[in-house]
Every structure is written in C-alpha cells, then in structure tokens.
Amino acid sequence: MIFNLNEFLIAVSFALDFVEMDLLGVVSNHSKRVAYMSLKMAEQLGLSKEEVFDTVSLAILHDNGASEKVLHERVKSKDKGSLLTIESTREHGILGERNIKNYPFLTSVENVIRYHHENYDGSGFFGIKGEDIPLISQIIKIADMVELNSNLKENCFDEKKKIIAFVKGHENTMFSPRIIAAFLKAANTPSFWMDLKDDFINSSLKKYVPSFSKDLPLPEIQNITRVFSRIVDSKSQYTQVHSSELSVKAARMAEYYRKPEDEVYKIMIAANLHDIGKLAVSNSILDKPDKLDDREFDLIKQHSYLTRVSLQEIKGFEEITEWASNHHEKLNGRGYPYGKQAGEIDFNSRLLACLDIYQALMEERPYREAMTHNVASEILRKLVSEGALDENIVSDILKVFAR
Ligand SMILES: [Fe+2]
Ligand SMILES: [Fe+2]
Ligand SMILES: [Fe+2]
Ligand SMILES: [Fe+2]
C-alpha cells in the first residue's frame, strides 16, 4: 500500500494533541507548533531531508509519554494538571522513548525523546551536557520551551519580542549559541509567526514537511500502528494490553473467517488504533472506581468519534477508519457516536465491536475484577438477546476462545 508518512504523522499529531485536551480542555496544538519550529530550525542548521523529516516526527511525538503521567500527577497534586507540570517530569521522556522504540525513523535518532529536556549546561534531568545532547533533542528543547512559555495561538506578533528575549536570555544555560542562531534566523520572517497560529498551523505543517510516500507492505504499517496502540494502552493502568490484545484476537478471528492476508492486517491496524481517541479522555474518568455520571459518560463517548476524525485523513485507511471508529455502534441503534442501524454496520465493524467488549470484560477495571471466559460469554449472549451484537459472530468468538 502506498503509505504517506506525512499524512499519517499529521493524523497522529492530531491524536497526540488530544492529550492536551485531556489536560487543558482544549486542543492546544502544542506538538504541532513544536514540530513546525523544529522543522524550521533543522532547515537552518542544514540537516538532510531525512533528518528534517525525523526531526518533525520526533517533535510531534516528543511528549507521547505524557499521557500516562497525567494520572500520577493528578493523584499527587490533586490540581487539574497542566502541560507544564507534566513536562517537568523526568519520566515522560523515559516513557516516551520506550513507546517509540519500533517507529520507522529514517535516520538514527536514539535517545532524542529521552533527552528532550536536557539543558545545555548539564543542569537537566539526566545531566547530559553540551554537544553530548543529541542535536534533535536540542532543537526540540528550544521549540518546546518557546511554545510552553508563550501564547502563539492567536496574536503571535505580540509574543515575538518576549520570546526572542527569552531565547537570548538562556544562551549557554538552556540552549546552545548555535541553536539559538538557527531559531533567530528562522523566526526572522513574518510568515514564521503567522504559520504558528491556530488557524494556520495544520496547513503550515502539511506544506513544509518533506514528503515521504513509501510503498510499505501492510505488515510494516501494522508495526507502525502498534507504536500508537502502545501509547493508548499505557494511558491507563487498566488498559495496558487492551488494544494490543484486541489486535491479536482480531487477527485470530480474521484467520478463522479465512480473510485474505491484506484484510487480516487491516483489521489488526484498526484494532491497534480503535481507541486512539481515548487520548482525549481524562484518566480521572477512565480510572474512576465509582459509577460515572451522565456527563462523564458523554465525555467517554467522544472517543470513537475522535478516532474517526484522527484516522479519516489518511489515504488508504478508508476501511480501517470505518472499522476502528464503529466499535461502539450497536445493531439495535443504541450505540455511539452515530447510533447507526444494523444495515449501516459492516461485518468487520461488527467483529471488532464484539471482540472489543469480550477483550474489555477479560481485563480488570477500577470497579470490577477481570472476568472469566464463562462470565464474559453470558454477558455477550445477553447483548445478543438485546439485539446489540451480531449473534453468529459472538458464537464464533466464544467457540474460538473457549478454554
Ligand atoms: Fe516534554
Ligand atoms: Fe512539550
Ligand atoms: Fe472504545
Ligand atoms: Fe476498546
């Protein structure tokens, strides 16, 4: 399949910025702006096209480890949490580095995420100093600090003077003179500041990110999407294996139905990504031990809608998007987010919907223990009797996974 890595990255950046929605109630475009500024600096520094592309990928992914920290922060401080407090934890770099281990970068970029908060003078989390800090970490660091300490959403010109003073004021302490020079050169045009605004940041990224369309086999695309299933799963202690296990079970069922190989991989990809919209749902809801109120349910129900919004931009992902984002639709029209009717829900969407419930029941939740196959079977049969799930698929699943 011709796979456009740009398109995929931008889709992912949309999902990763959901993390901020969880924290701040709005999508702040933090990673996108960091990516844009990093890209412009990388060009100024004369990096190769491949290195520039990796810089953008890493900048988009730089805070991917932040989502699972939300929980701990909140528990500790009981405040609403902010990007700044999350960013000032050492762990989000470690977790972020771990999550992206299998991402197909074009150059060697080990430890860039791990060290994206190091200070040039060695006073950062890990005490790495000067040019021992990977160059791309240094680039992301300055973009990150600028983004966090200013408001570039609307009136970026108002912030310009302050930002330039901030950057210059941290020469040789936070940032190297070389990176500062690259930043100042990049920031020397009005377009730089315009491109950063909320209104334009998406199109700016699309326009400037070097294009890498690759003819990737589906198994390889499946591998890339596993990186994101990991990010989503690690958000909550209760879902550590949810998407990855769903993917394994989906593959098993697809093979049981003798689906062609390409379709098996597409179903696995849909399973890997089905809950990506959950990055926008607060852990205080996902991990809540008590009964959820109506509003909290509404907030949870956003997630499969957001999965669709995030995946629908990716060409070649049309079916994947459909299967992934229909996983909470029910045949009796009582599902969400669209309340689709049976006739609107295709076979693979039905399959993922049934498997998603089965998988969830077999996992522990804050309000209950993990269930056995038999107890889960009863619940699935009850849902069939209510007209919610496909009867044949449920009985096939129960047969295949009976133990
Ligand atoms: Fe960070
Ligand atoms: Fe950041
Ligand atoms: Fe879900
Ligand atoms: Fe799920």
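Calculate I(q)/I(0) for segment 337-403 by the Debye formula, one identical point scatterer on each C-alpha and no solvent, and give its log10 at q = 0.14, 0.16, 0.22 Å⁻¹ to two decimals.
For the requested q values the scattering log ratios are -0.42, -0.54, -0.95.
On average, how much accessible surface per residue is there in the chain, in Å², for a 1.4 Å probe, leaving out ligands, DNA and RNA?
42
Explain nothing, just the number: relative contact order of the chain, from Cα pairs under 8 Å at least 6 residues apart, as a whole percent.
17
For segment 346-389, which GluC sites (Glu not before Pro) pass both filters: DSSP loop (anything but H, G, I, E, B) and at most 15 other C-beta atoms within 10 Å?
GLU364, GLU369, GLU386
State, in angstrom, two size descriptors of segment 2-214 derived from its alpha carbons: Rg to one decimal place and Dmax to the nearest whole number.
16.0, 46
Within segment 96-148, list the GluC sites (Glu not before Pro) lying in a DSSP loop whose Cβ has at most 16 other Cβ atoms in a 10 Å radius.
Answer by residue number: GLU110.
Taking a 20 Å limit on the Cα-Cα distance, which of the listed pairs LYS40/LYS185; LYS40/LYS168; LYS207/LYS235; LYS40/LYS153; LYS330/LYS382 fall beyond it?
Table pairs above 20 Å Cα-Cα are LYS207/LYS235.
Considering Cα pairs under 8 angstrom that are at least six residues apart, work out the relative contact order of segment 217-400 and quote it in whole percent.
Value for segment 217-400: 19 percent.
Over all distinct Cα pairs, what is the inverse of the mean 1/r for segment 99-210, reported as the Kirkwood hydrodynamic radius in Å?
One over the average 1/r among Cα pairs gives 15.1 Å for segment 99-210.
How much length would be gained if the chain were fully extended between ASP132 and GLN312, taking 0.36 nm per residue of separation minus their Cα-Cα distance, in nm to one decimal?
Separation in residues times 0.36 nm, less the Cα-Cα distance, equals 60.8 nm.
Quote the Stokes-Einstein diffusion coefficient, in whole µm² s⁻¹, for segment 311-367, based on the Kirkwood radius over alpha carbon pairs, a temperature of 10 °C and a viscosity of 1.306 mPa s.
Answer from the Stokes-Einstein relation: 131 µm²/s.
With everything on Cα atoms, drop me the angle between helix 261-273 and the longest principal axis of the chain, reported from 0 to 90° to the nearest 10.
70
Calculate for the chain the 222 nm mean residue ellipticity that helices alone would give, adding -39,500 (n - 2.57) per DSSP H run of length 4 or more and normalising by residue count, nearest 500 deg cm²/dmol.
Mean residue ellipticity at 222 nm (helix-derived): -18000 deg cm²/dmol.
Please list, by residue number, every one of the trypsin sites (Lys or Arg not before Pro) in segment 85-115 that is coil in DSSP and has at most 13 other beta-carbon atoms within 10 Å.
The qualifying sites are ARG90, LYS101.
For segment 217-400, what size does the Cα cloud have along each of its three principal axes, sorted from largest down, in whole Å?
44, 33, 29
Over the Cα atoms of the chain, each weighted equally, I'd like the Debye log10 I(q)/I(0) at q = 0.08, 0.09, 0.12 Å⁻¹, rounded to two decimals.
Results for the chain at q = 0.08, 0.09, 0.12 Å⁻¹ read -0.44, -0.56, -0.94.
The values are calculated or read from the model by the stated rules, or taken from the named source; none is laboratory data. Predicted model only: the values in this text are computed from it and were never measured. Using ideal geometry, Cβ is built from the backbone for each residue, glycine included, and neighbour counts are taken over all protein chains shown. Areas reflect the complete protein model, heavy atoms only, side chains present, ligands, DNA and RNA absent. Shrake-Rupley method; radii C 1.70, N 1.55, O 1.52, S 1.80 Å.
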